[in-house]
1. What full-extension length gain, to one decimal in nm, is calculated for Asn121 and His44 as 0.36 nm per residue of separation minus the Cα-Cα distance?
2. For an R0 of 35 angstrom, estimate the FRET efficiency from the Cβ-Cβ distance between Asn28 and Ser70 and round to the nearest 0.05.
3. Determine the gain in length on full extension of the stretch Met80-Asn95; use 0.36 nm per residue of separation and subtract their C-alpha separation, reporting nm with one decimal.
4. Beta carbons within 10 angstrom, averaged per residue: use that to sort the peptides 43-50, 54-61, highest first.
5. What size of dipole, in debye to the nearest 20, comes out for segment 13-132 about its Cα centre when the only charges are +1 on Lys and Arg C-beta atoms and -1 on Asp and Glu C-beta atoms?
6. Within segment 79-96, whose backbone N sits under 20 Å from a point 7 Å along Cα→Cβ of Asp112?
7. Excluding ligands and nucleic acids, what accessible area in Å² is computed for Leu22 using a 1.4 Å probe, to the nearest 10?
8. Compute the accessible area per residue over segment 65-121, keeping the other protein chains in place, probe 1.4 Å, unit Å².
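The values are calculated or read from the model by the stated rules, or taken from the named source; none is laboratory data. Keep in mind it's a predicted model, so treat the numbers as computed, not measured. Glycine gets a Cβ as well: all are built from the backbone with ideal geometry, and neighbour counts include every protein chain shown. Please note that ligands, DNA and RNA were not included when accessible areas were found on the heavy atoms of the full protein model with its side chains. Shrake-Rupley method; radii C 1.70, N 1.55, O 1.52, S 1.80 Å.
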Amino acid sequence: MAANPYQAYQQGAVQTASPGELTLMLYNGCIKFIKMARIGFEQHNIEAKNENLLKAQKIIQELMVTLDTSSAVGKEMMAMYDYMNQRLIEANVQNRVELLDEVEGYAVEFRDTWKQVIQMNRKQTHGSGGQA
């Protein structure tokens, strides 16, 4: 049985994405699952809340695994990812929806910064032409 067209598109997008674009996709996915977990909280749907928080945690864990910690910035990001992961665990176990706002705020900030980095790299790679 063939996959639906959206799934095929998503799979193709992931397979052809640059490492920077993949990181951007991870941030977007994390934000999406946090929003879905919030809906689970609001609807008192424990299963949806738990499932989406676990997905957000897996994305943060993937960001941690792929992070280069040889620089000070990398070490600081690792600490932030660890903190975000812990806050998601607390939100889930203690049913504290307000913690989602905190983690989502960090994820949005990181995503927006990463998007700017990708745009600057594109301009440097493709934009300046032959200027000396």
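1. That works out to 23.4 nm of additional length.
2. 0.85
3. 3.3 nm
4. 54-61, 43-50
5. 340 debye
6. Inside the label zone: 80-81, 84.
7. Counting only protein heavy atoms, the figure is 60 Å².
8. Heavy-atom SASA per residue in segment 65-121 reads 60 Å².
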